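Enquirer: Structure incoming, see below.
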Amino acid sequence: MKKHLLFWVFISLFSFSWAKDAYNIKVKLNGFPSGNIKLAYYYGDKQYIKQEGITDDKGQIEFKGDTALPTGVYIIFLENETYFEIIVEEQFFTIKADYVADKTLSAAKYTETLTAEKSPQNSRLFEYNLFIKQKKEEAEPLNTLKEIYLKNPAKKADADDIDKKLAALDAEVETFQNKIIADFKGKMLSKLLLAARRPSIPETITDNNDRFYYYRNLFWGDFDFNFSGLLYSPVYHQRITEYMENLTVSHYDSAFASADYIIQLGKNNREFFKYSVTWFLNYYAASKTVCFDAVYVKLAKKYYETGLADWVEAENQKKIVDNANSLSACLCGQKAADIKAKTETYATPSLYNVKAKYIALLIWEADCGHCKREVKEIKNIYAAYKDYGFVVYSVELGADKEKWQKYSADEGIAWINLHISDVLTDVKNDFDARTTPTIIVLDENKTILYKRIDAQNLDKILKNKLN
């Protein structure tokens with residue numbers, strides 16, 4: 001008996017030491033001429049090429065390597081721009097399909113011929129995709145007929161009958177999904193189907209507000225943040241997009257609360273945590289939405305300044321934190337820094353001494369072409385709203401004071417107009433004016449309402465506020 005055990009241990013070790021590949025995916029495309037094929041994968045909202053090569057004269061190719069592929073959804077791209085998706089969790093399997101030459105056809109065409117060997121998940125995935133295709137084809141004429149019936153009150157009963165047929169199709173799909181979810185419990189295919197589901201709202205909840213919160217509260221219920229394979233699929237980013245765009249109030253405080261909520265859902269899985277923190281920070285760093293730089297600042301302070309984003313090198317971490325600190329001086333919702341005039345008069349007061357319902361703070365340069373175009377537009381806006389509690393307060397940053405004086409006189413600038421040499425405060429840093437022109441809208445309490453807008457948007461804001 002002991003010999004037997006030693007023998008099997010020896011065979012196991014011997015076999016392992018001679019293993020050549022950690023993954024080997026064979027693709028066989030019947031009728032495909034020799035050409036380039038790519039194996040790609042999803043990672044969040046991006047797709048990356050893992051491997052590519054030329055098929056042989058029988059349309060066959062092997063993708064292989066000595067490191068196992070992360071579990072996830074992968075894509076087989078063909079030369080003619082068609083593609084189909086597969087699941088990688090098993091590392092050694094074969095995919096077969098008939099080649100379609102028409103490049104206008106999408107992946108759906110392959111659902112009729114795709115088969116898998118040594119990959120139960122892909123076999124069931126292809127079966128599922130074919131089933132869904134068939135059910136969509138059944139539902140399409142019913143939906144068309146329903147639209148016609150809904151336009152005719154006399155056909156209400158017929159429309160209700162179609163609703164029952166569509167509900168029966170939905171039930172078939174759900175039953176099919178539930179069987180796969182049960183059969184592949186804990187596997188990528190099961191996790192994927194669960195993650196793609198949306199909460200079903202009970203008919204007993206009739207109030208729209210209640211329905212909204214019921215749906216939002218259960219939105220992430222079937223998404224397993226402990227299963228990293230979902231990060232290597234399109235589903236996670238689709239859900240982020242839906243949650244942020246459709247289930248979050250369009251306000252910077254609400255955006256941060258939602259982003260932070262999603263990050264916290266994945267905090268126990270390092271891969272999800274790292275991806276989510278990085279993605280949200282980069283997204284709001286590049287955001288053009290007015291005032292949403294506040295989300296970037298809050299994320300940077302919570303995760304980077306505290307060292308929670310410990311995968312970031314010290315130099316990059318410092319850049320992120322320094323940038324957030326620069327932005328922190330001028331965020332929507334907080335009071336603006338005062339601009340102290342060296343010589344205060346009625347025509348050139350300090351900012352906090354200006355009395356107005358709304359103040360447009362303009363930081364500009366006289367030799368900046370874009371600034372000059374904005375100044376011309378702001379002149380018209382100022383003329384239209386100056387009698388309704390609107391004031392423009394400008395500070396010019398140029399080194400040549402005479403040039404500013406001449407340009408101001410030539411343009412007939414009549415609002416509060418100071419040169420940087422006439423103020424005591426660091427206007428550029430206090431208002432994060434790294435580029436010019438910078439336009440910031442303040443209310444009567446000097447609270448920042450809008451920032452980094454142009455003259456056209458300033459006009460829209462004032463029309464809404466003052467009219």
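The values are calculated or read from the model by the stated rules, or taken from the named source; none is laboratory data. What you see is a predicted model; the values in this text were computed from it and never measured. With ideal geometry, Cβ positions are generated from the backbone for all residues, glycine too; neighbour counts draw on all protein chains shown. Surface areas here come from the heavy atoms of the whole protein model, side chains and all, with no ligands, DNA or RNA. Shrake-Rupley method; radii C 1.70, N 1.55, O 1.52, S 1.80 Å.
Enquirer: Please list 292-300, 354-362 highest first by mean number of surrounding beta-carbon atoms within 10 Å per residue.
Expert: Those peptides, ordered most packed to least, come out 292-300, 354-362.
Enquirer: Let me ask something additional. How large is the charge dipole for the chain, taken about the Cα centre, if only the Cβ atoms of Lys, Arg (+1) and Asp, Glu (-1) carry charge, to the nearest 20 debye?
Expert: Rounded to the nearest 20 debye, it is 560 debye.
Enquirer: Okay, next question. Between Ala347 and Asn429, take the C-beta separation as r, use R0 = 22 Å, and let me know the FRET efficiency to the nearest 0.05.
Expert: 0.30
Enquirer: Let me check against my output: what whole-number percent is the relative contact order of the chain, with C-alpha pairs under 8 Å and at least 6 apart?
Expert: Relative contact order, the chain: 10 percent.
Enquirer: Which of rounded, prolate, oblate describes the stretch 195-330, given a ≥ b ≥ c as roots of the alpha-carbon gyration tensor eigenvalues and a/c under 1.5 marking rounded, otherwise prolate only if a/b is larger than b/c?
Expert: Oblate, because a/c is 1.5 or more while a/b does not exceed b/c.
Enquirer: Any chance you could check the Cα centroid distance between the stretch 338-362 and the stretch 58-96 for me, in angstrom?
Expert: What the calculation gives is 65 Å, centre to centre.
Enquirer: Next up: Starting from the Cα gyration tensor of the stretch 171-247, take the square roots of the eigenvalues, sort them a ≥ b ≥ c, and report rounded, prolate or oblate (rounded when a/c is under 1.5, otherwise prolate if a/b is larger than b/c, else oblate).
Expert: Here the stretch 171-247 falls in the oblate category.
Enquirer: Could you give the length gained by full extension between Gln264 and Ser287, i.e. 0.36 nm per residue of separation minus their alpha carbon distance, to one decimal place?
Expert: Length gained between Gln264 and Ser287: 6.1 nm.
Enquirer: Quick check: from the Cα gyration tensor, does the stretch 344-467 come out rounded (a/c under 1.5), prolate or oblate?
Expert: Rounded is the answer for the stretch 344-467, as its axis ratio a/c remains below 1.5.
Enquirer: Give the residues of the stretch 424-454 whose amide nitrogen is closer than 14 Å to a point set 7 Å from the Cα of Ala384 in the direction of its Cβ.
Expert: Those under the cut-off are 454.
Enquirer: So what's the stretch 255-390 giving for Rg/Rh, alpha carbon basis, Kirkwood Rh from the mean inverse pair distance?
Expert: Using Cα coordinates only, the ratio equals 1.11.
Enquirer: Between the stretch 125-174 and the stretch 417-467, what's the alpha-carbon centroid distance in Å?
Expert: 55 Å
Enquirer: Could you tell me what percent of the accessible area of the stretch 263-315 is made up of carbon and sulfur, with a 1.4 Å probe and every protein chain present?
Expert: That share works out to 51 percent.
Enquirer: Can you tell me the order of 187-196, 313-322 when each peptide is scored by its average per-residue count of other Cβ atoms within 10 angstrom, highest first?
Expert: 187-196, 313-322
Enquirer: Within the accessible area of the stretch 134-211, what % is carbon and sulfur when the probe is 1.4 Å and the other protein chains stay in place?
Expert: Result for the stretch 134-211: 52 percent of the exposed heavy-atom area is carbon or sulfur.
Enquirer: Here's something else I'd like to know. Using the eigenvalues of the Cα gyration tensor, what equivalent ellipsoid semi-axes result for the chain when each is taken as the square root of five times the eigenvalue, whole Å, largest first?
Expert: Gyration-tensor ellipsoid for the chain: 57, 31, 23 Å.
Enquirer: Can you work out the accessible area per residue across the stretch 202-358, with the rest of the protein chains kept in place, probe 1.4 Å, in square angstrom?
Expert: 52 Å²
Enquirer: Could you work out [θ]222 nm for the chain from helices alone, using -39500 (n - 2.57) per DSSP H run of at least four and dividing by all its residues? Round to the nearest 500 deg cm²/dmol.
Expert: When only DSSP H runs of four or more count, the value is -14000 deg cm²/dmol.
Enquirer: How high is the FRET efficiency between Phe176 and Asp310 when r is their beta carbon distance and R₀ equals 41 Å, given to the nearest 0.05?
Expert: Result of the calculation: an efficiency of 0.40.
Enquirer: Still on this structure, I have one more. Trypsin sites (Lys or Arg not before Pro), restricted to the stretch 200-275: which are DSSP loop and have at most 14 other Cβ atoms within 10 Å?
Expert: Lys267
Enquirer: Using a 1.4 Å probe on the protein chains only, how many percent of the accessible area of the stretch 398-467 belongs to carbon and sulfur?
Expert: 43 percent
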